[in-house]
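The values are calculated or read from the model by the stated rules, or taken from the named source; none is laboratory data. Just so it is clear, the model here is predicted, and its values are computed rather than measured. Positions of Cβ are generated from backbone atoms using ideal geometry, with glycine treated the same way; all protein chains shown enter the neighbour counts. Areas reflect the complete protein model, heavy atoms only, side chains present, ligands, DNA and RNA absent. Shrake-Rupley method; radii C 1.70, N 1.55, O 1.52, S 1.80 Å.
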Amino acid sequence: MARGDWRRLDESDVRVRPGKGTRPRSKRRPEHADAVPAMVVGVDRGRWTCAVEDDPARLVVAMRARELGRTPVVVGDQVGLVGDTSGQPDTLARIVRVEERRSVLRRTADDTDPFERVVVANAGQLVIVSALADPQPRRGFIDRCLVAAYAGGLEPLLCLTKSDLASPDELVAAYAELDLPVVVTRSDQDPEELRARLVNRLSALIGHSGVGKSTLVNRLVPDAHRAVGVVSGVGKGRHTSTQTVALPLPEGGWAVDTPGIRSFGLAHITPDDIVAAFPDMKAMAEECPSGCGHLGAPEDADCMLDDLVRTGEASPGRLASLRRLLASRSKLEEYD
């Protein structure tokens, strides 16, 4: 056959380049049906400490599996582990699954920061720790923690410390309309009532530095060895908890100790997120004009929540308390 005479070619003369394989590519990931359930109790530099089957005596160090990518894993998360789950020194398991969260406590650095930071997952209760004196209580911070609890699906509990230095009556009265449970502690007594409220629950403790949170944790978990803060002369104290960690309670349950913080940004929370936590007002709020912030006049003159007071379905004090929480979203510098 003359060179270049393509008309006389047949299939035997054609060289076919082999394919890359007959097996189709798939994005399916292994299901890991044999993964062991565990709860994350600590995070440190790309390693997660997990309690296998929520047992504090079975701690395992794990890394995040490659297939999870950058999936966030935080204290309180329920995860699935594979690999070496013996917990022996120098062993490392892999986190291959993060279960759907039942609740999430989130915060932002400030009210303009779009990046949400998940503080703890799956906590049933948020214990807001505030001192009655030394340092003075900051109602704005308490309000913001309440907002974050309501929006994240946690039950709030207000814990007032240092009652040997000041009376709790005024602060308790300020939250009476919210049906907020309150426990009062003092430095020279055991926190029995608080302990009873934590048994068999996953509870997160949050508060400003110097309010006595670490002192409470040391009493609730005697072997926690958490540093006790020394309040400075200006009343701000120093940060004594540097990372979030879940500590097992002797009576059962977990106390999540969070780092002392100075502000609580709420950039991720909308007014409707807050109102949703008030069943007696949620339905009426849905009748409000679009974009209503539920603050009432003059900002929201057509807010329907005022009708609840006029008809006697809600007390003026309860509506005022709700609106104080709503106002706290946009006043970080005043409510710090």
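In region 43-60, is there at least one residue being touching a Phe, Trp or Tyr at 6+ places or on another chain (Cβ under 7 Å) and either of a type in the set (Gly, Ala, Ser) or not in a strand (DSSP E or B) (or both)?
No.
Which fully enclosed strands (runs of 3 or more DSSP E) of region 98-150 have 2 or more residues being modelled with pLDDT of 90 or more and more than 23 Å from ALA327 (Cβ to Cβ)? Explain how you work it out, then say what you get.
Details: elements: 104-107, 117-121, 125-131.
Correct list: 117-121, 125-131.
Identify the residue in region 35-69 that is modelled with pLDDT under 90 and over 24 Å from VAL221 (Cα atoms) and, among all such residues, is least open to solvent (accessible area, probe 1.4 Å).
Filtering first and then ranking leaves GLY46.
Can you say whether ASP300 is without any contact (Cβ under 8 Å) to a residue 60 or more places away in the chain, of a type outside the set (Phe, Trp, Tyr) and more than 30 Å from ARG117 (Cα to Cα), as far as the supplied structure shows?
It is true that ASP300 is without any contact (Cβ under 8 Å) to a residue 60 or more places away in the chain, of a type outside the set (Phe, Trp, Tyr) and more than 30 Å from ARG117 (Cα to Cα).
Which residue out of ARG101, ARG97, ARG139 is of a type in the set (Lys, Arg) and under 14 Å from the mean Cα position of the chain (by Cα)? Outline the logic, then answer.
Details: ARG97 fails: under 14 Å from the mean Cα position of the chain (by Cα); ARG139 fails: under 14 Å from the mean Cα position of the chain (by Cα).
Exactly one of ARG101, ARG97, ARG139 is of a type in the set (Lys, Arg) and under 14 Å from the mean Cα position of the chain (by Cα), namely ARG101.
Out of VAL183, VAL129, VAL221, report the one residue that is surrounded by 23 or more Cβ atoms within 10 Å (Cβ to Cβ) and under 24 Å from LEU249 (Cα atoms).
On the way: VAL183 fails: surrounded by 23 or more Cβ atoms within 10 Å (Cβ to Cβ); VAL221 fails: surrounded by 23 or more Cβ atoms within 10 Å (Cβ to Cβ).
Every option except VAL129 fails the conditions.
So which residues in region 244-271 are of a type in the set (D, E, K, R) and modelled with pLDDT under 80?
Here is the first cut: in region 244-271, the residues of a type in the set (D, E, K, R) are 251, 257, 262.
If the condition is that a residue be of a type in the set (D, E, K, R) and modelled with pLDDT under 80, then ARG262 is the only one that fits.
Taking the condition of being of a type in the set (Gly, Ala, Ser), part of a loop (DSSP other than H, G, I, E, B) and within 15 Å of ARG219 (Cα to Cα), how many residues in region 151-198 meet it?
Here the count works out to 1.
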